[in-house]
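Only one structure is covered here, and it is reproduced in the block below.
The values are calculated or read from the model by the stated rules, or taken from the named source; none is laboratory data. Since the structure is predicted, the reported quantities are computational estimates derived from the model, not experimental observations. Don't worry about glycine lacking a Cβ; one is built from the backbone with ideal geometry, like all the others, and counts go over all protein chains shown. For the accessible areas, the whole protein counts, side chains as well, though only heavy atoms, and no ligand, DNA or RNA atoms are used. Shrake-Rupley method; radii C 1.70, N 1.55, O 1.52, S 1.80 Å.
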Amino acid sequence: MILNNIKLENFTNYDSVQCNLDECINIFIGDNGQGKSNLLDSIYYVATENSARNNKDRDLILWGRDYFKISASFLNKFGSNNIEISYDKKKKDGKKSLFLNHYEIEKLKDYIGYFSAVFFSPEDLYIVKGDPILRRKYMDDELIQTENKYFIYINQYKKILEQRNSLLKEAYRRQNLLNSMDVWEEQLSKYGTVILKSRIDMVHHLKNMAGEIHNYLTDGEETLDVIYKSKLPISLLETGQLASFQSLYFNQLKESRMKDLEKGYTLIGPHRDDLNLMINGTSARKFGSQGQQRTAALSLKIAEVKLIKSKKGEYPILLLDDVLSELDKKRKNKLFLSLEKDIQTVITSTDLNDIDTLIREKAKIIEIKKGTLKER
Ligand SMILES: Nc1ncnc2c1ncn2[C@@H]1O[C@H](COP(=O)(O)OP(=O)(O)O)[C@@H](O)[C@H]1O
Ligand SMILES: [Mg+2]
């Protein structure tokens, strides 16, 4: 898909700006603190209704104002579209409003996936070296953008999990409460099974794609392997035995009750799982160098772009925030070569010299200064 135009009103440090984008490579250039990442974030917001940096809606409003509004026109496989999203902190229900092609959309899930974007910043290094929660978020973000139902399942799962956890805490004093646990465990294993099935399928594709990209970026010197780690018998999901898996999962939850009771939370399930990332056969998190971890994180993100393409039939927009200064020249050039022509890319940089002249000649360059834009 192609983002043709984006217009911001009171969004972060932008009062009122608009920007036309090229369908191939766009470069936002500017000093620190001028609004490059904010502009990328506004594009990500159009795709996910969330800030890539996890900022709350009210913090995205230009200081001193009451609302922000983002309008964008983009092309996807359904044709040309126009989207308008706004958030007003004075509205009591706290909801944002969303108009797609001038029709109001009530449920966000009806829109998610209509426009997709993948965001990569140096902080994504934490996918490799950070806590498991970041790797679960990586998987969930991708699945939310490609499977309409995943968004519902994951939210449902989280609600049920909270119920079971609060029951565990109460049951610590009143053990007879444990008898009512069955209902929650049945629901938990039901939603947990569909979530896990989606994740396992995703990792299966991811493994091949990320592996290939990592191998390419490192000139064949490194292999990257991705393994899904769970305490549940996930091999049953790989062979499509969902019903047997779910009943084993249900039993495992029951068996784990006393242990869970002591901890005060549920010890098994997709909310405790992880991805093992292995570079040349050893753990990337434990033994990878900074450069290896960075390349692995980048490979995972580019693989995400390709996964979205294979599932939705079109590429998402790739947003690369400040990643060039972090890569050596060889890997930088390989990165550009690995981006196929039909992936619309937006890159931010403080220094144009970080970008190869050949790329610069083809790209659209926009200068950002204190929340204003100027085309070069
Ligand atoms: N809600 C807001 N209102 C006004 N300014 C903001 C808001 N949120 C962030 N900023 C400011 O935007 C500036 C630019 O941020 P950023 O896009 O991260 O810069 P860059 O990526 O160019 O280094 C920061 O100085 C920050 O203080
Ligand atoms: Mg920035």
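Scanning the stretch 1-50 for residues that are out of contact with any helix residue (DSSP H, G or I) (no Cβ under 7 Å at 6 or more places or on another chain), among the β-branched types (Val, Ile, Thr) and open to solvent by less than 10 Å² (accessible area, probe 1.4 Å) yields Ile27, Ile43, Val46. In the stretch 352-370, is there at least one residue being more than 10 Å from Ile27 (Cα to Cα), within 16 Å of ligand 2 (Cβ to nearest atom) and at pLDDT below 95? Looking through the stretch 352-370, at least one residue is more than 10 Å from Ile27 (Cα to Cα), within 16 Å of ligand 2 (Cβ to nearest atom) and at pLDDT below 95. Gly64 falls short of the stated requirement of being within 12 Å of ligand 1 (Cβ to nearest atom), within 23 Å of Thr350 (Cα to Cα) and open to solvent by 50 Å² or more (accessible area, probe 1.4 Å).
Matching residues to (1) away from ligand 1 (no atom under 16 Å from the Cβ); (2) open to solvent by 50 Å² or more (accessible area, probe 1.4 Å); (3) in contact with a Gly (Cβ under 6 Å, 6 or more places away or on another chain):
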site: Ile279; (1), (2), (3): yes, no, yes
site: Lys286; (1), (2), (3): yes, yes, no
site: Glu326; (1), (2), (3): no, yes, no
site: Leu339; (1), (2), (3): yes, no, no
site: Gln344; (1), (2), (3): yes, no, no
site: Asn353; (1), (2), (3): yes, yes, no
site: Ile359; (1), (2), (3): yes, no, no
site: Arg376; (1), (2), (3): yes, yes, no
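Only one of the numbered conditions (1) in a strand (DSSP E or B); (2) within 16 Å of ligand 1 (Cβ to nearest atom) is violated by Tyr44, and that is (1).
This table checks each residue for (1) assigned to a loop (DSSP other than H, G, I, E, B); (2) farther than 26 Å from Gln290 by Cα; (3) of a type in the set (Val, Ile, Thr).
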site: Lys341; (1), (2), (3): yes, yes, no
site: Asn353; (1), (2), (3): no, no, no
site: Leu358; (1), (2), (3): no, yes, no
site: Glu361; (1), (2), (3): no, yes, no
